[in-house]
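Reading through the structure tokens given below for one structure.
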Amino acid sequence: QVKLVESGGGLVQAGGSLRLSCAASGRTFSTYAMGWFRQAPGKEREFVAALSWSAGTTYNADSVKDRFTISRDNRENTVSLQMNSLKPEDTAVYYCAADPSIATMEQRRSQYWGQGTQVTVSS
């Protein structure tokens, strides 16, 4: 059974930092693109960042460029999202995702999804 489990969410003040982690199990994801999405209340799910299986290609949403950094460890089957200079508009449930194609993630779709972790940024 494939599982993606996020951790690291929480409450932080504007300007602060958080690091989200996602542990994947049930199969080897070393050939999969992995990424992060988020969904704020009343809004559609938004693509945040994704990394190809080799980590040679990275996509980031314009809203998080220069603030968020995605990374992965294929030996550990994990993907992380370092979030700096957080803003209240970053408040959302953040979801880990995995798909054979990074292009699919850019279209806000993915084969596998985690359950999500809440990130709340206070002003």
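Calculate the dipole size of the stretch 3-46 relative to its Cα centre from +1 charges on Lys and Arg beta carbons and -1 charges on Asp and Glu beta carbons; express the result in debye to the nearest 20.
Dipole about the Cα centre, nearest 20: 100 debye.
Report relative contact order for the chain in percent, whole number only (criteria: Cα-Cα under 8 Å, sequence separation at least 6).
Relative contact order here is 36 percent.
Within the chain, which is the longest segment that contains none of the GluC sites (Glu not before Pro) sitting in a DSSP loop with at most 15 other Cβ atoms within 10 Å?
Of all site-free stretches, the longest is 77-123.
LYS43: which aspartates and glutamates have alpha carbons under 20 Å from its alpha carbon, excluding same-chain residues fewer than 8 sequence positions away?
Excluding near neighbours in sequence, the set is ASP62, GLU89, ASP90, GLU106.
Given the -39500 (n - 2.57) contribution per DSSP H run of 4+ residues, what per-residue ellipticity at 222 nm results for the chain, rounded to the nearest 500 deg cm²/dmol?
Theoretical 222 nm ellipticity from helices: -1000 deg cm²/dmol.
Share of the chain's accessible area from carbon and sulfur, percent, 1.4 Å?
Of all accessible area on the chain, carbon and sulfur atoms account for 44 percent.
Might you report the magnitude of the Cβ-based charge dipole of the chain about its Cα centre, with Lys and Arg at +1 and Asp and Glu at -1, to the nearest 20 debye?
160 debye
What spacing in nm lies between the two simple spin-label points modelled at SER71 and ARG109, each 7 Å away from Cα in the Cβ direction?
3.2 nm
May I ask which residue of PRO88, ALA49, VAL2 lies farthest towards the positive end of the charge dipole of the chain, with charges of +1 (Lys, Arg) and -1 (Asp, Glu) on Cβ and the Cα centre as origin?
Going by the charge dipole, the pick is VAL2.
Which whole-number value in Å² is the accessible area per residue of the chain, probe 1.4 Å?
Accessible area per residue, the chain: 51 Å².
The values are calculated or read from the model by the stated rules, or taken from the named source; none is laboratory data. Owing to the predicted nature of the structure, the values given are computational and were not obtained by experimental measurement. For neighbour counting, all protein chains shown are included, and Cβ atoms are generated from backbone atoms with ideal geometry for every residue, glycine included. Note: accessible area is taken over every heavy atom of the protein model, side chains too, but ligands, DNA and RNA are not part of it. Shrake-Rupley method; radii C 1.70, N 1.55, O 1.52, S 1.80 Å.
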